[in-house]
Amino acid sequence: MTAQKQKLPHGITPYLFILPQLVIIAVFFFWPAAQAVHMSFMLEDPWGLASQFVGFENYALLFSDSSYGRSFIFTLVFSFLVSLISLALALLLAVKANSVLRAQKSYRVLLTWVYAVAPAVAGLGAYFIFNRQIGVLSQAFNDMGWAFNPETDPFDASFMLILVAVWKQVPVNFIFFLAGLQSIPKSLQEAAQIDCQSDSKRFFTITFPLLAPTSFFLLVINLTYAFFETFGLIDTLTQGRPAGATTTLVYKVYQDGFLGADLGSSSAQSVILMILVLVLTAIQFRFIERRVHY
Amino acid sequence: MFKKLATSAAVLFAANTALAEVEIQFWHAMGGALGETVNEIAGQFNNAQSDYKLVPVFKGSYEETMTAGISAFRAGEAPHIIQIFDAGAATIINAPGAARSVEDVMASAGLDFDRTDYISGVRSFYADADGKMIGMPFNSSTPVLYYNKAHLNAAGVQPPATWEEFEAIANSLKDNGHIALAQSHTPWIFFENFHSRHNLQLADAQNGFDGLPTEIMYNNDALAMHLGKVKAWKDAGYYGYFGQSWDDNQDAFVKEEVSMWLGSSGSFGGLKQSADFDFGTTFLPYWESVNENAGNTFIGGAALFAMSGHSSEEEAGIATFFDFLTQPETQYFWHRETGYVPVTNAAYELAKTEGYYAENPDAEVGVQQLSLPGGEWSKGYRLGFYVQTREVIYREMDKLMAGDTTPERALSEIEKAANQNLARFARTVQ
């Protein structure tokens, strides 16, 4: 007997159910995205009084602008470092917090609550901590013999941003890693404990592979965070300074579009950003997800 | 019966329109204590008459306020009055139909307006090529030098009038453990006002007043010399560079790390509150070697623009507020509370006769500097996409101070970017 494919008779009812979602996606994603693509080919005065089609000129200008190239590289390095460090730190903390016997809950709460701080608020807090006149950490670095000047030294400014961005992101990763660790069956861990004495070896051969789906998901989330959500931190802490060294691509879109009123260039930049994120996500799914076993 | 009802309804309706105040939206960028003063002026205006109700709305920084106004205009929801800063003047004045000239608004409301009532340094910045005022000068300031009296006395020196004098005294301050100088706004103080003070042209087409400029003139020997000197002062420990932030540089002066600071005449009120020491104020220094008859500086700050697309009744409201704002009493109040200069001659006279400057001689320095005899190139500038150009100036200054570029390379980078911005802006204007 061959299995007959059961075909359910249906009219428009199912479409009606997904319609609200489709409308939301169309209005809040596809329409603005299409608008951005359209604007990226136009040269328009700020007030929208006159506009003309200029083809790829906005893009060509960006690619010939060395400061855009620098911003591109900074964004990649920054995102890579923030993701890597915050993932590694969170994993370490989750593994340790998972094996703590006493006051486990307190540890978890303490490691999680930073998550509730909004990026802009975190940035403001950090502004005071790193302020050269009243900042505690700034003072500490200087006492240790590091002339810490985030307002004039690109390295110090990047260091400060990465530190705060990581601090802000560790709790999210921590929660997911902790949940992932707790879903690993006890029996499996105990069996491994009998076969292998070394903690680290057990971690890399048993625990980490079992955490791979969580880690992969977090990698995608973290890169997106570093790309987009660090805007609030940058705006309150460095404004892309000094010498434009901490200007991420997203911050540059804001500077040129919102502060400088050059909508054509700003739209072209956001289209490039859109493509970049699509490519990055595609790469992640294509090459990394293959190695992940659910 | 029906007729009676209709008449009473009509009477009621008429009474209602007479009672309803016309709301005038005023978007501004004055935060903190400045915002409170704006609210106070709005309150005074609303109490003084009953036809209009002025509603001031704080929209964030200058750039954010301009962007908010632009988006609102595009959506057909423009406010009646918007505050636009010096670097954004080209953006609004070159847009046909975005704003109505203040002179036209006053004339159609039947209110007197005479541009010669305004002090000379203020009059031209927001005016068109024929001198017709487009924007109403509001918060006007200019860069001045503040100095720590105790530091200078201890070193036995006088505040410098010229940069040559500064070079002569900087070392005595350093010997006492102080950095001699800092400043808070590189494009405004070291670029724009460097040109007005020394009467140097900064762009073609009459600094941009006479049509759309295509060529910036920052890449000149005088400015290259000045920037080279600043870098040398930094290396010698005479100049403190604390990055692009206004506050970081001002704080260094407030905390007495630095003996002299170039800031805004509008900083006076804030400094009085934050500085625990006696400070004095004097004119922005100049290079005697560049121009021995240094003249007035540009006004900085912002102006109010009447946005178009409003009914004649609302426009009359805008005009009534402008009229109120420029009354000597209002100006004097604003001047006293904020440290911004009074924009009319009458207000300046009032401040003098009230004896305000006898008690606070420092408060007069800004007005005096703006009233110095000026040259051909000290009226102002109007440059397209200038916000981005300022960003490049800041960036190159960071590099110069870090030793990553030379004054010549920095100036040629700035020239390239500024010209590109000018050309691009010119194409958007049709």
Which residue fluctuates most in the GNM of chain B (Cα springs below 10 Å): B:Leu111, B:Leu223, B:Leu181? B:Leu111
Order by neighbour count: A:Arg241, B:Arg427, fewest other Cβ atoms within 10 Å first, most last. B:Arg427, A:Arg241
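Rounded to the nearest 5, what % of the DSSP beta bridges within chain B are antiparallel ones?
Restricted to chain B, the bridges split so that about 60 percent are antiparallel.
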Rounded to the nearest 500, what is chain B's calculated 222 nm mean residue ellipticity when only DSSP H runs of at least 4 contribute -39500 (n - 2.57) each, over all residues? -14500 deg cm²/dmol
Would you mind giving the mean number of other chain beta-carbons within 10 Å of the Cβ of each residue in A:252-265, as a whole number? 5
B:Glu408 to A:Val121: FRET efficiency via 1/(1 + (r/R0)^6), r the Cβ-Cβ distance, R0 41 Å, to the nearest 0.05? 0.40
Which residue fluctuates the most in chain A, going by a Gaussian network model with Cα springs under 10 Å, if the choices are A:Ser267, A:Ser187, A:Ser40? A:Ser187
Long-range amide H partners of B:Ala127 with built H, under 5 Å: B:Ile134
Lys, Arg +1 and Asp, Glu -1 on Cβ, resulting dipole of segment B:125-197 about Cα centre, debye, nearest 20: 220 debye
Can you list, largest first and rounded to whole Å, the semi-axes you get for the protein assembly as shown by taking the square root of 5 times each eigenvalue of its Cα gyration tensor? 50, 37, 26
Whole-Hz ³J(HN,Hα) for each residue in segment A:159-164, computed from phi via Karplus 6.51 cos²θ - 1.76 cosθ + 1.60 with θ = phi - 60°, x for glycine and proline: what do you get? 4, 4, 4, 5, 4, 5
Would you grab the residues whose amide H sits under 5 Å from the one on A:Met42? Only those 5+ places off in sequence or on another chain, please, with H modelled 1.01 Å from N. A:Val54
Which of A:Leu101, A:Leu223, A:Leu163 moves the most in a Gaussian network model of chain A with Cα springs under 10 Å? A:Leu101
Using each residue's phi in segment B:210-226, evaluate 6.51 cos²θ - 1.76 cosθ + 1.60 at θ = phi - 60° and report the 3J(HN,Hα) Karplus result to the nearest Hz, with x for Gly and Pro. 9, x, 8, x, 10, 9, 7, 10, 5, 7, 10, 5, 4, 5, 4, 4, 4
A 26 angstrom limit on the alpha carbon distance is what I want to check against. Which of A:Lys168/B:Lys59; B:Lys229/B:Lys399; B:Lys174/B:Lys255; A:Lys96/A:Lys168; B:Lys255/B:Lys379 exceed it? A:Lys168/B:Lys59; B:Lys255/B:Lys379
Nearest 20 debye, what's the magnitude of the dipole of chain A about its Cα centre given +1 on Lys and Arg Cβ and -1 on Asp and Glu Cβ? 1400 debye
Within a 10 angstrom radius of each residue's Cβ in A:44-56, how many Cβ atoms of other chains show up on average? Whole number is fine. 6
C-alpha center-to-center spacing [segment A:25-41, segment A:102-156] in angstrom: 38 Å
Amide H to amide H under 5 Å from B:Met30: which residues, 5+ apart in sequence or cross-chain, H placed 1.01 Å off N in plane? B:Lys59
Karplus-derived 3J(HN,Hα), 6.51/-1.76/1.60, for each residue of segment A:19-30, Hz, glycine and proline x: 4, x, 4, 4, 5, 4, 4, 5, 6, 9, 10, 5
Packing-based exposure ordering (other Cβ within 10 Å, fewest first) of A:Trp31, B:Trp163: A:Trp31, B:Trp163
Write down the percent of antiparallel bridges among all DSSP beta bridges whose residues are both part of the protein assembly as shown, to the nearest 5. 65 percent
With an 8 Å Cα cut-off and a minimum separation of 6 or more residues, compute the relative contact order for chain B in percent. 25 percent
Candidate aspartates and glutamates - alpha carbon under 16 Å from B:Lys53, same-chain residues fewer than 8 apart omitted: B:Glu21, B:Glu23, B:Glu40, B:Glu313, B:Glu314, B:Glu315, B:Asp323
Counting only other chains, what is the mean number of Cβ atoms within 10 angstrom of the Cβ of each residue in peptide A:132-140? 2
Over chain A, what is the relative contact order in whole percent, taking alpha-carbon pairs under 8 Å and six or more residues apart? 29 percent
By the Cα gyration tensor axes a ≥ b ≥ c (a/c under 1.5 gives rounded; else a/b larger than b/c gives prolate, otherwise oblate), the shape of segment A:67-291 is oblate
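The numbers here are math on the coordinates, done by the rules we state, and not lab data. These figures come from a predicted structure and were not determined experimentally. Here Cβ is always computed from backbone atoms with ideal geometry, including for glycine, and neighbour counts include all displayed protein chains.
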